[in-house]
Amino acid sequence: MKTTKTIFQDGNHKWVAIVRDPEKQNYLIDTNEYLVTHGSQGILLDPGGAEIFPAVFSALASEFDPGALTAVFASHQDPDICSSLALWLEFNPKMRCYVSWLWGSFIPHFGGTQQTFVNLPDEGADIPLEGLTLKAVPAHYLHSSGNFHLYDSVAKVLFSGDVGAALLPPGEDGLFVTNFDAHIRHAEGFHKRWMGSNEAKRRWCERVAQMEIDMLCPQHGAIYQGADVQRFISWFDELQVGVCGG
Amino acid sequence: MNPGTALAVSGPAGNTPQAGADLLRIVRINEEIKTVVRVAFKINIMALNAIFLAKRAGTAALGFGVLSNELRIFSQDLRESMDVLTSLIHGCVNDVSLVLQDSRHTRLLRQAVAQSSDQRLNRVLMAKDAENERHVEHLGSLRKQLGRALDDAARLVELGGVLAKSAKIEAAYGQTFAAALTQVSADFDGVVEEIRSSLESLRRSTFFRGN
């Protein structure tokens, strides 16, 4: 089973990271899921692949009533992001899925009906959560052509999808980045190959540099906090992406 | 409900192996149906030619002409019969796909139930099991319908065989056209045998031994 770690809490406003399943098969890439709660409602960010649904569901249920999940947010369309959608909808058919309009007719192949999907326009949108307003921040071409991150200006947390992701070796898989220089080596190859556009990367860096961010939370790897957030943005800004060795 | 069916669907392994094998069997059945459809088209053309030949032969081939016309109707009936089979096959593909999907989802939900203390998930699993059972039962019903449709097609082919053999007899009365009519009737007999063989192969498919 995955473990949960509350990374932000102010009353009933919480960010919970659902991470690191020791029983996960190695052929599946490791993913981080994030639960944001406010009041009595919750939204699950990048709910994960179908094969890890049992681990995510049981971990989430230990922290929060899964029946109170009103929505999932899918940063993009990949199977490790949201192929579990059909299973979450088995549990709660009224759950909504926020996703780029670009993928609104693709992701239903994983499950859901026309009523399930809330298509996000390219410029982004506000996502309400019982009095809290979360912001879908454009991150197109990083790596998907229709890609969003999610910003919580109250918690000062940015969920950054695949940006900031690192493929961590065993023994170096702590939840937070503690040694930026050592950590970023595990992120470099991933970003060079997966991020396809230097122009999109530059625009993203400019956009998020203006935000107040205490934690930058990727879907793979470890969370950047404090000064490491700006350190990461600067590092990413200088990195040449869209590079393939072949 | 067949208790074996419930066990297969709700057991930890689901009934994926059978559903996977069923898909393969369905593909083979569909290929055989396509063969019969091609042959039915061939009979239609042959019957048309035979009608013209009988007309040229005149009164000596009146009976042959009637039988050729009947064979043409037979080829059209056969085509319709294959359309029914094709439609049922498509339904079976749909149901087998649902059973395959059910199997995966049920496995994952069962794992989630085992790891979580949330009783509502158990109810979701039970509802899913009931839905799976409905899919398996519907597939079983389609299987039976397909079997019956194949029996109907086999009976139709028996009629085609009788018509072809009668055409052989009538050809003997064709006087100067007798040799040509005999050749045509032998061709009819050959293609009807081809269809009979395809249908027998279909009826032997292990697909019909499933739930």
Yes or no: segment B:157-176 includes at least one residue that is more than 14 Å from chain A (Cβ to nearest Cβ), within 30 Å of A:GLU90 (Cβ to Cβ) and part of a helix (DSSP H, G or I).
no
Count, please, the residues in segment B:95-119 that happen to be at the interface with chain A (Cβ under 10 Å from one of its Cβ atoms) and under 23 Å from B:GLN145 (Cβ atoms).
1
For A:ILE107, are the conditions met, namely being touching a residue at least 12 places away in the same chain (Cβ under 8 Å), surrounded by 17 or more Cβ atoms within 10 Å (Cβ to Cβ) and within 26 Å of A:TYR224 (Cβ to Cβ)?
no
For the structure I just gave you, tell me whether B:THR86 is under 30 Å from A:PHE57 (Cα atoms) and either β-branched (Val, Ile, Thr) or touching a Lys or Arg at 6+ places or on another chain (Cβ under 7 Å) (or both).
no
I'm trying to understand the selection: among the residues of segment A:20-55, which are crowded, with 22+ Cβ neighbours inside 10 Å and among the β-branched types (Val, Ile, Thr)?
A:THR31, A:VAL36, A:THR37, A:ILE43, A:ILE52
So in segment B:130-156, with the set limited to residues that are within 14 Å of chain A (Cβ to nearest Cβ) and surrounded by fewer than 17 Cβ atoms within 10 Å (Cβ to Cβ), which one is farthest from the chain's Cα centre (by Cα)?
B:ALA130
Checking the condition free of Cβ contacts under 8 Å to residues at least 60 places away in the same chain and touching a Cys at 6+ places or on another chain (Cβ under 6 Å), which residue from A:ASP237, A:ASP228 passes?
A:ASP237
Going through segment A:1-32 one residue at a time, which ones are of a type outside the set (A, V, I, L, M, F, W, C), away from every other protein chain (no Cβ under 14 Å) and within 19 Å of A:ILE223 (Cβ to Cβ)?
A:LYS5, A:THR6, A:GLN9, A:ASP10, A:HIS13, A:LYS14, A:ARG20, A:ASP30, A:THR31, A:ASN32
When the residues of segment A:53-90 are filtered to those that are within 11 Å of another protein chain (Cβ to nearest Cβ), touching an Asp or Glu at 6+ places or on another chain (Cβ under 7 Å) and of a type in the set (A, V, I, L, M, F, W, C), which remaining residue is farthest from A:VAL19 (Cα to Cα)?
A:ALA61
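Rundown of residues vs (1) within 18 Å of the chain's Cα centre (by Cα); (2) at pLDDT 95 or above, yes/no style:
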position	(1), (2)
A:GLU33	yes, yes
A:PRO54	no, no
A:LEU60	yes, no
A:GLY67	no, no
Take B:LEU24 and decide whether it is hydrophobic (A, V, I, L, M, F, W, C), at pLDDT 90 or above and in a helix (DSSP H, G or I).
no
Restricting attention to segment B:169-211, the residues that are surrounded by fewer than 20 Cβ atoms within 10 Å (Cβ to Cβ) and more than 21 Å from the chain's Cα centre (by Cα) number exactly 14
Return the pairs, sorted by first residue and then second, in which the second residue is of a type in the set (Ser, Thr, Tyr) and in a helix (DSSP H, G or I), the first residue lies in segment B:95-117 and is farther than 12 Å from A:LEU87 by Cβ, the beta carbons are less than 6 Å apart, and the residues are 6+ apart or on different chains.
B:SER103/B:THR16; B:GLN115/A:SER58; B:SER116/A:SER58
Among the listed residues A:LEU132, A:LEU142, identify the single one that is more than 15 Å from A:CYS217 (Cα to Cα) and in contact (Cβ under 8 Å) with a residue 40 or more places away in the chain.
A:LEU132
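The values are calculated or read from the model by the stated rules, or taken from the named source; none is laboratory data. In this text the structure is predicted, and so the values were computed from the model without any measurement. Because the Cβ atoms are built from the backbone with ideal geometry, glycine has one as well, and the counts that use them run over all protein chains shown.
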